[in-house]
1. Does the range 86-129 hold any residues that are surrounded by 18 or more Cβ atoms within 10 Å (Cβ to Cβ) and part of a helix (DSSP H, G or I), and which are they?
2. All but one of (1) at pLDDT 95 or above; (2) touching a helix residue (DSSP H, G or I) at 6+ places or on another chain (Cβ under 9 Å) hold for residue 160, so report the exception by its number.
3. Determine whether residue 144 is part of a loop (DSSP other than H, G, I, E, B) and either more than 23 Å from residue 76 (Cβ to Cβ) or in contact with a strand residue (DSSP E or B) (Cβ under 6 Å, 6 or more places away or on another chain) (or both).
4. Does the range 163-182 include one or more residues that are under 18 Å from residue 110 (Cα atoms), assigned to a loop (DSSP other than H, G, I, E, B) and free of Cβ contacts under 8 Å to residues at least 12 places away in the same chain?
5. Kindly check whether there is at least one residue in the range 185-195 that is closer than 14 Å to residue 70 by Cα and under 12 Å from the mean Cα position of the chain (by Cα).
6. If the Cβ limit is 7 Å and pairs must be 6+ apart or interchain, which residue in the range 144-159 that is closer than 18 Å to residue 121 by Cα pairs with which residue that is at pLDDT 95 or above and surrounded by fewer than 17 Cβ atoms within 10 Å (Cβ to Cβ)?
């Protein structure tokens, strides 16, 4: 993984963690995502049922997006929180996909020590709905702790297993059992509300 030092306390440098194989040392994503189901080829219609290709093509998009938050569109976010230990977390986007949920993030580690957003990969990073349902993070194999070296930053996606469940509110939690106000911690706790209300349309 390629990291670059911060040039200032601002968001001057970033590590772009692009979608790709976890073994790619030039670009890696923050969260091991499977290929979105929407991008996978669909089976041809059955002639025995009398389905026409045009009818199947028209029905496929509706079937794949009907249950997705905002129809599967990428929603830009502008959410920021600064932890007292010197780490800044920004949320830049949210998207519900057929098999996963992706949260765009930008993280700046202003400390002189590395930090971990998913320490020990112990199911302490997740999105929880107002219904109590959770979807857990899927970290990359090469960095399951989501470690950011001292004085560096990264930008990419946090990928969670499963599409965003229907809910009126949802919260992103990182390092559930850690401290939200300890200046010395290397596992800062973050808890941010996600603006999901109204994104599912009329309840089914």
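1. Selection gives 119 alone.
2. Just one mismatch for residue 160, condition (2).
3. Criteria met by residue 144.
4. Taking every residue of the range 163-182 in turn, at least one turns out to be under 18 Å from residue 110 (Cα atoms), assigned to a loop (DSSP other than H, G, I, E, B) and free of Cβ contacts under 8 Å to residues at least 12 places away in the same chain.
5. For the range 185-195, residues closer than 14 Å to residue 70 by Cα and under 12 Å from the mean Cα position of the chain (by Cα): present.
6. 147/114; 148/114; 149/114
The values are calculated or read from the model by the stated rules, or taken from the named source; none is laboratory data. Keep in mind the model is a prediction, meaning the values are calculated, not measured. Note that each Cβ is placed from the backbone with ideal geometry, even for glycine, and that neighbours are counted across all protein chains shown.
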